[in-house]
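The structure appears below as structure tokens.
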Amino acid sequence: MAIELSDVNLRRCRLCLWNNYSGLGFVVETTSLPPHIVQLVESNSPAAAGGLRIRDIILAVNDRNMCEVNYDELKYTIKKTRDTYSHIELLVIDQDFYERLKENNQSIDPKFAKTIKTPRTMPIDYQNFQKHQPRTCEIYLNTNDTSFGFQTVNPLTDIGMFIQDVYPNSPAAKTSLRKSDRIIEIDDEFVDNMSSTTILEKFHTAK
């Protein structure tokens, strides 16, 4: 059955540099051949603010097709574009949807992409967080809450886990939890060296 392209989370992430932040805040897996997968997105970075997600597939850079180039050419294109224009536009899609479309032999039409722009300056709530500093986020469920209000994503190694999204007006949104945060502990237990499957099980039994 064909997949509706309007449902595949195809995005144009327009990222720009901030004066008080070094770089754009994302890392691509160093595998030589495509597809090229976003391995890491820094919390409170231009990339995070611009809608880039861990395990996104980079399809194009400023409308230049990246689906057939090697890693070195992708890296060069990203750096040259960023340094020349102080901004960059990445056409990306979730890895899961990418693989499903490939299985169906469906092409990806950029006209279905949603555009997300990084603000020209770092948002105030980003400025209040120090980089690479652990934080304790205590999430409490009320009677009417059905979930904690965040989505997780496995790293490419499947060891550890990241926060993919924090849903607005959710219990998680009331804390300092942020998109792209890495989960270090759950209920005072160190989990960063555990498999992603084990960490998910611990969420299901969390206090």
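The values are calculated or read from the model by the stated rules, or taken from the named source; none is laboratory data. Note that the structure is predicted; figures quoted are calculated from it, not measured. No Cβ is skipped: glycine too gets one built from the backbone with ideal geometry, and neighbour counts run over all protein chains shown.
Taking the listed residues Thr81, Thr143, the one that is farther than 15 Å from Arg14 by Cβ and not aliphatic (A, V, I, L, M) is Thr143, with no other qualifying. Would you call Ser196 touching an Asp or Glu at 6+ places or on another chain (Cβ under 7 Å) and surrounded by 15 or more Cβ atoms within 10 Å (Cβ to Cβ)? When the stated conditions are applied, Ser196 passes them.
The conditions of being of a type in the set (A, V, I, L, M), closer than 22 Å to Glu103 by Cα and touching a residue at least 12 places away in the same chain (Cβ under 8 Å) are met by Val8. Against the conditions (1) at pLDDT 90 or above; (2) outside the structural domain of Ala47 (by TED's automatic domain parsing); (3) exposed (fewer than 15 other Cβ atoms within 10 Å of the Cβ), Lys111 satisfies every one except (2).
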